[in-house]
Amino acid sequence: MDHYKRIKRELVSKGSVIDYYKDTIEINGERQAIFDFIDHKGAAAMVPVDSDGKILMVRQSRIAIDQDTMEIPAGGLNAGEDYKSCAIRECEEETGYKAGEAHHLIDIYTTVAFSNERIGIYYTKDLTPSKQNLDEDEYVSVERYTVEELTKMIFEGKIVDAKTIAAILAYKSKMGL
């Protein structure tokens, strides 16, 4: 960061999930450049593992890429919420299973070139049936897969979501699978 110094940050657009800024950056004290910056409130995700060792996944439509995706349950932080609480809440809302004991797996930054979005990822093997509580614009189905099936789907290009790929591969490594 010694080469870069932010001179100015201007809000271009305020959104419900992200805020978009234009940053004026001084480079090496010699010249200036404009950088796009997306400010994100943060998110959390869960790798929920059932008693059979299968991972609960959610299939949902993603308008930004015009396709259905297979993902681990995840969502944005609410005001004052920590990453672990968010992961537990999102797991229950999207899958209908409440996570008991949850363990930190990894943190990722999704697009470091222009955004500060950080996702805290957890895993649990402690699931209790509850009730799905989807947002009014959310339509998801829950599916169960083994780590081996999910790994295969990743390398076949059937799972394309970055947080899910990172989470599944990290979980597989951590568990020695």
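The values are calculated or read from the model by the stated rules, or taken from the named source; none is laboratory data. Values in this document were obtained by computation on a predicted structure and should not be read as measured data. When we count neighbours, we look across all protein chains shown, and the Cβ atoms used for this are built from the backbone with ideal geometry, even at glycine.
Screening D126, D135, D161 for residues that are within 29 Å of I38 (Cβ to Cβ) and touching a strand residue (DSSP E or B) at 6+ places or on another chain (Cβ under 8 Å) leaves exactly one candidate, D161. When you look at I34, is it surrounded by 12 or more Cβ atoms within 10 Å (Cβ to Cβ), part of a strand (DSSP E or B) and either free of Cβ contacts under 8 Å to residues at least 40 places away in the same chain or over 22 Å from the mean Cα position of the chain (by Cα) (or both), yes or no? No; evaluated as a whole, the condition is false for this residue. Across the stretch 1-16, the qualifying residues are those that are under 27 Å from the mean Cα position of the chain (by Cα) and not in a strand (DSSP E or B), and the one among them that is nearest to E30 (Cα to Cα) is M1.
Here G29 meets each of (1) free of Cβ contacts under 8 Å to residues at least 40 places away in the same chain; (2) closer than 30 Å to D126 by Cβ; (3) of a type in the set (G, A, S) with one exception, condition (2).
Please work out which residue is modelled with the lowest pLDDT, limiting yourself to the stretch 37-80 and to residues that are part of a strand (DSSP E or B) and of a type in the set (S, T, N, Q). Looking at the filtered set, the residue picked out is S61.
Of the strands (runs of 3 or more DSSP E) contained entirely in the stretch 81-177, not one carries at least 2 residues that are aromatic (F, W, Y), in contact with a helix residue (DSSP H, G or I) (Cβ under 9 Å, 6 or more places away or on another chain) and surrounded by fewer than 15 Cβ atoms within 10 Å (Cβ to Cβ).
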